[in-house]
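Working notes for the structure below.
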Amino acid sequence: WISFSEPGPGDRNVHSSKREAEYGRLVGKWLRPDGGYVLHIRGATTDGKLDAQYLNPQPINVAKAQATMEGGTMKVLVELRDTNYPGSIYSLSYDPESDRLHGGYYQAGLQETYAVVFERTD
């Protein structure tokens, strides 16, 4: 996690606004073309909490959705907890040049990890 020195008056809003704009780039519908799965990120807060929905094609419960900045790279973690999804996790990185999310999907039921890509659809 990135830490800052104690902000002075007014500095807190600058950092919050910048972080909100960074995480706001994740808002939209993302399609995993290899299976038609959709990750719909409806909102992002300054602390990185994501309002996310996952569809396969029916909604799957999202237990946690979080964005962080690590070494200048925006990371996204989405944990699924539902029938047939006992803690499956997407660990993704945002590539601003291609406007894609890429990384791994840990399928908890099979205890296997797969390389995945999500492309923005809106």
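The values are calculated or read from the model by the stated rules, or taken from the named source; none is laboratory data. As the structure is a prediction and not an experimental result, all values here were calculated from the model. Ideal geometry is used to build each Cβ from the backbone, glycine not excepted, and the neighbour counts take in all protein chains shown. Areas reflect the complete protein model, heavy atoms only, side chains present, ligands, DNA and RNA absent. Shrake-Rupley method; radii C 1.70, N 1.55, O 1.52, S 1.80 Å.
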(request) List the relative contact order of region 32-122 as a percent without decimals, with contacts defined as Cα pairs under 8 Å and 6+ residues apart. (result) 18
(request) Return the long-range amide H neighbours of M74 (sequence gap of 5 or more, or a different chain), with a cut-off of under 5 Å between placed amide H atoms. (result) Y94
(message) Could you give each residue of region 75-81 its phi-based ³J(HN,Hα) in whole Hz, using Karplus coefficients 6.51, -1.76, 1.60 with θ = phi - 60°, and x for Gly or Pro?
(response) 10, 10, 10, 10, 10, 9, 9
(message) Could you give the length gained by full extension between Y114 and T45, i.e. 0.36 nm per residue of separation minus their alpha carbon distance, to one decimal place?
(response) 22.0 nm
(request) At 1.4 Å probe size, with no ligands or nucleic acids counted, give the accessible surface of Y105 in Å², nearest ten. (result) 20
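How charged is the neighbourhood of A115? Take every other residue with its Cβ under 15 Å from the Cβ of A115, and add Lys/Arg as +1 and Asp/Glu as -1. Could the numbers behind the result be given before it?
Working: positive: R32, R100; negative: D34, D95, E112, E119.
Taking every Cβ under 15 Å from that of A115, the sum is -2.
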(request) For region 87-99, just list the computed ³J(HN,Hα) in residue order, Karplus coefficients 6.51, -1.76 and 1.60, θ = phi - 60°, integers in Hz, with x standing in for Gly and Pro. (result) x, 5, 9, 9, 10, 10, 10, 8, 9, x, 5, 9, 6
